[in-house]
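Participant: Got a structure here, written out as structure tokens. Questions coming.
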Amino acid sequence: MGSRLSAVVAALGAAALVAGCSGPPDPRAYPGSEGGVSWEEASARFQMTLPSCPVKDFHFDVQPRLTERLAFAFVAPKSCVDDFLKRYGDDPAKPTRTWPVSDPQPPYDEPRPPFDADEMRQFGWTYDPKAKADLYTHLETPSHATFLAFVKPGTEETVYVRSRTSGFPEPSK
């Protein structure tokens, strides 16, 4: 009986170990991203893709179903970033908000980060309330996932994108 119990416990332990290791980490993932989930899997889950042009400094974070978060950053030429914004339904010429805020009206127009400050620290995203930047809030994928995009202009633009909603269908009951 003891060896049988040991075999069952060993088999259950091996199954748990295999289930917990869904694959090697994607080197582009930020630390703390859902283990073993590649960018390709994450982008398919949210139906959000990178711009069609080559991008630099690309990194992403995806979290499991209960958190339902996808965040990513990249650097690309302005025309490429504009095409990306248009593809998901936002107008590059009409940002929702711009920085610096010329006439803050507390508490709503305080010059504060566009995303959660802890997340920005986690991802290494920077924000200077005195530097020019634009926030776009109307990005939507075919599955109705919605996103915010913070764009810092320059020779090439730095873009931080974060999901607001996942667009996942509700699981069957």
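Participant: Note down the net charge around Asp26, summing +1 for each Lys or Arg and -1 for each Asp or Glu among other residues with Cβ under 12 Å from its Cβ.
Facilitator: Values: positive: Arg28; negative: Glu34, Glu40, Glu41, Asp61.
Cβ neighbours under 12 Å give a net charge of -3.
Participant: Between Ser143 and Arg97, what is the spin-label point distance in nm, taking each point 7 Å from the Cα along the Cα→C-beta axis?
Facilitator: Between Ser143 and Arg97, the label points sit 2.7 nm apart.
Participant: Once the piece of chain linking Arg28 and Gln47 is laid out straight, how much longer is it, given 0.36 nm per residue of separation minus the C-alpha distance between them? Intermediate results must be reported in sequence, preceding the final value.
Facilitator: Details: separation 19, 0.36 × 19 = 6.84 nm, distance 1.81 nm.
Result for the pair: 5.0 nm of gain on full extension.
Participant: Take peptides 29-36, 133-140 and line them up by average Cβ neighbours within 10 Å, highest first, as a rough protection proxy. List each step's numbers first, then the result.
Facilitator: Numbers: 29-36: 16.0, 133-140: 18.9.
Most protected by this proxy first, the peptides run 133-140, 29-36.
Participant: HN-Hα J couplings of the range 152-164 from phi, Karplus 6.51/-1.76/1.60, θ = phi - 60°, integer Hz, Gly and Pro as x?
Facilitator: So the J values, rounded to whole Hz, are 9, x, x, 3, 10, 8, 9, 10, 10, 10, 9, 6, 9.
Participant: Here's a follow-up. Kirkwood hydrodynamic radius, computed over distinct alpha-carbon pairs, for the range 53-158: how many Å, to one decimal? If you can, show how the numbers build up before the last one.
Facilitator: Working: mean 1/r = 0.0675 Å⁻¹.
Over the range 53-158, the inverse of the mean reciprocal pair distance is 14.8 Å.
Participant: For the range 114-173, what class follows from the C-alpha gyration tensor (a ≥ b ≥ c being the square roots of its eigenvalues): rounded when a/c is under 1.5, otherwise prolate if a/b is larger than b/c, else oblate?
Facilitator: On the way: a/c = 3.21, a/b = 1.95, b/c = 1.64.
Prolate shape, in that a/c is at least 1.5 and a/b is the bigger ratio.
Read-outs: derived from the displayed coordinates by stated rules, not from any lab. Everything numeric in this text was worked out from a predicted model, so none of it was measured. In this analysis, Cβ positions are derived from the backbone assuming ideal geometry, glycine residues included, and neighbour counts consider all displayed protein chains.
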